[in-house]
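Reading through the structure tokens given below for one structure.
The numbers here are math on the coordinates, done by the rules we state, and not lab data. As the structure is a computational prediction, the values presented were derived from the model and not from experiment. So basically every Cβ, Gly included, is an ideal-geometry build from the backbone, and we count neighbours across all protein chains shown.
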Amino acid sequence: MTQLLFSLAVAISSLLGTYTLNDKYPEVNVTVETPQMLDPAKPTEIIFYALPNGNSIEWTAGKWRYPEDDWHFDIQHISAQTKFLRANDPSKNYITVYLMDKKRSWTSWRHRHADILPETLEAIISDISGMYGQYNPSVTLSSHSGGGYFLFEYIRTASPINERIDRFIFLDSTYGYLEEVHREKLAKWLKDRNHFLSVISYEDITVIYEGKPLVSKEGGTWGRSHAMVKDLSRTFRFKKYEDQQREEYRALKGRISFKLIKNPEGKIYHTVLVASNGFIDANWSGTDKEGVGYTFWGERAYLQYICDAGCNSREVKEAGLMPLPYLAEHKGTGLTGWDYVESIDDMDFWDFEEKTAAALLAGDVPDSLRFFKKIEYDRLGHTVAFWTLPDYLAVGTSDDFVRMPMGIISSKKVASAMNCTLPTTFLVDRINDVAEGALDIFPFRPLRGRNSLPIVFQDHNNAIKALYKAKGYHFGQFISGLKKDLVQTDFIDSNPQYEHNIAIYGWHHPDGHAQQPLFLRHADFYSDYSHGTRLIWHEITIDGEPYELDAVMRDPSLFRLVSDEPVPLSKPF
């Protein structure tokens with residue numbers, strides 16, 4: 001499963017939301033957190049964050065901490081601090097990559113995998129930044145505590161340091177610094193005017209733990225950070241700033257920054273350095289953003305961005321990717337969208353409907369339709385999560401595909417075979433809530449039955465592709481304004497006059513309102529360019545517990561969690 005996720009990520013190189021790439025590298029768990037939208041016109045920064053020893057990715061990302069929660073959820077808040085960077089620097093795309101040794105110790109990981117360190121460390125950086133190659137990203141390598149060993153081992157083994165790396169960050173993580181191993185490489189790298197080094201530490205030599213000093217005078221981050229300053233001073237001229245609270249050492253107009261907090265009372269500030277806007281400051285030190293909108297070693301500036309238990313439903317995040325099992329087993333024949341439309345051009349409705357279903361069931365779909373994205377929302381005091389395809393069903397390859405309008409019969413055939421169902425109007429609106437971009441809808445002028453011709457399907461699809469390119473969107477994103485959805489509704493189920501009809505709804509404008517209210521008057525042998533079929537996975541969760549979506553839609557109480565109609569569905573899907 002993990003290998004499939006990684007190959008999909010590389011194939012489409014435009015994944016958004018939060019997803020994992022575990023088991024790709026020996027004993028390394030990777031979680032990638034991207035913004036809802038990547039703007040190709042802006043520079044992109046990928047921040048790799050090597051976790052502190054003993055911490056999980058969930059703790060490191062952080063959330064609001066309730067009395068029953070583990071205290072670790074409230075000590076770093078890297079996710080909220082990343083959101084602060086995005087909100088306060090809209091000129092750049094920020095992506096954060098969490099790196100965790102499965103045994104939660106980079107200190108020992110480097111020894112367990114000493115024989116493959118150079119290629120593994122370089123592969124992690126190159127592979128993940130390569131997924132976003134079209135954005136020409138720069139890379140920040142950052143760390144906290146034992147995570148510093150990841151950075152120092154990379155510097156030691158790199159030949160040379162990857163040209164994408166423009167910043168190293170050590171958040172109380174300089175334990176592994178060795179002059180004979182790291183000084184020369186760092187000094188050479190820092191001579192490039194686009195490179196930055198940020199070090200934040202505290203006076204840990206004053207800390208007494210269980211009657212003994214916590215660290216030695218030379219071995220703690222206070223000692224190692226001062227050693228770095230001393231060694232780099234052989235190449236660069238530093239200015240020292242000092243007051244009762246801290247020492248600061250800066251060189252190269254701030255491109256080298258050491259901020260060292262004094263600690264005469266012997267307190268443990270190890271994680272406080274991070275939580276006190278340390279991650280923000282370390283990423284902006286030496287730039288015109290440093291100190292803007294926040295104060296290092298001050299009150300948390302990112303409080304409004306901290307997620308609640310599953311993240312606030314108003315924000316509605318994708319929480320990873322899930323492969324569509326059926327399509328993981330059906331790889332397709334290589335049929336292109338162009339060849340497919342030509343092959344059905346002179347067929348009648350029933351014939352090309354049958355051929356469309358056959359192509360989809362053979363797996364002739366773009367890679368982006370091989371996984372679901374998860375959407376969460378709060379309703380009536382419950383947290384609901386469902387999985388949906390990021391776009392409408394399409395026939396073809398990743399490079400050449402056409403979104404294919406389908407009738408309700410073939411849509412149900414494909415959905416059932418893939419263990420999926422169709423949305424309600426309420427779920428269509430929830431998908432629109434998380435749109436990462438929007439198109440102005442552009443209806444074609446009706447002319448007899450022309451709008452139901454395959455060539456018009458392709459014309460409309462080509463127009464969407466052109467708009468995607470102009471706006472920097474990519475297939476696999478949630479984009480509104482594409483088509484109307486085929487939906488399930490009890491107005492069809494409970495009214496005999498509509499028994500052989502379809503229900504369509506949606507085609508949302510950029511302001512969020514639907515162009516097409518629920519419409520029931522097309523027969524089940526009708527489709528046109530403006531219709532689309534989007535599959536929903538058969539299982540949802542309510543407050544973390546799994547439920548069959550079809551059963552929920554028909555339950556007299558639970559249906560209100562997935563529908564805004566007055567009654568539940570009368571018939572099973």
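See the values below:
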{"read-out": "Protection proxy ranking of 138-148, 354-364, 170-180 - average other beta-carbon atoms within 10 Å, highest first", "value": "138-148, 170-180, 354-364"}
{"read-out": "Paramagnetic reach from Phe238 in the stretch 159-178 [backbone N under 17 Å; point 7 Å along Cα→Cβ]", "value": "168-178"}
{"read-out": "Ranked Tyr202, Tyr392, criterion: other C-beta atoms within 10 Å, fewest first", "value": "Tyr392, Tyr202"}
{"read-out": "Semi-axis lengths, Å, the stretch 109-203, gyration tensor of Cα atoms, sqrt of 5 times eigenvalues", "value": "20, 17, 13"}
{"read-out": "Percent antiparallel among DSSP beta bridges (both partners in the stretch 2-305, rounded to 5)", "value": "40"}
{"read-out": "Percent RCO, i.e. relative contact order, over the chain, from Cα pairs under 8 Å lying at least 6 residues apart", "value": "12"}
{"read-out": "Neighbour-count ranking [beta-carbon atoms within 10 angstrom, fewest first] of Met100, Met404, Met228, Met418", "value": "Met418, Met228, Met100, Met404"}
{"read-out": "Relative contact order of the stretch 236-376, pairs being alpha-carbon contacts under 8 Å that are 6 or more residues apart, as %", "value": "19"}
{"read-out": "FRET efficiency, Asp348 to Lys267 (Cβ-Cβ, R0 51 Å, nearest 0.05)", "value": "0.05"}
{"read-out": "Whether the stretch 488-551 is rounded, prolate or oblate, judged on the alpha carbon gyration tensor where a/c under 1.5 counts as rounded", "value": "oblate"}
{"read-out": "Cβ-Cβ FRET estimate between Asp511 and Ser416, R0 fixed at 35 Å, reported to 0.05", "value": "0.50"}
{"read-out": "Stokes-Einstein D (µm²/s) once Rh is taken as the Kirkwood radius of the stretch 321-561 over alpha-carbon pairs, at 10 °C in 1.306 mPa s", "value": "88"}
{"read-out": "The chain: angle of helix 2-12 to the longest principal axis, Cα-based, in degrees nearest 10", "value": "80"}
{"read-out": "Percent RCO, i.e. relative contact order, over the stretch 2-305, from Cα pairs under 8 Å lying at least 6 residues apart", "value": "16"}
{"read-out": "Spatial separation of Cα centroids for the stretch 265-294 and the stretch 380-431, in angstrom", "value": "44"}
{"read-out": "Fraction of antiparallel bridges per DSSP, the chain only, in percent to nearest 5", "value": "60"}
{"read-out": "Sorted by Cβ density within 10 Å, fewest first, the residues Asp231, Asp399", "value": "Asp399, Asp231"}
{"read-out": "Viscosity 1.567 mPa s, 4 °C: Kirkwood-radius Stokes-Einstein D of the stretch 2-305 over Cα pairs, µm²/s", "value": "66"}
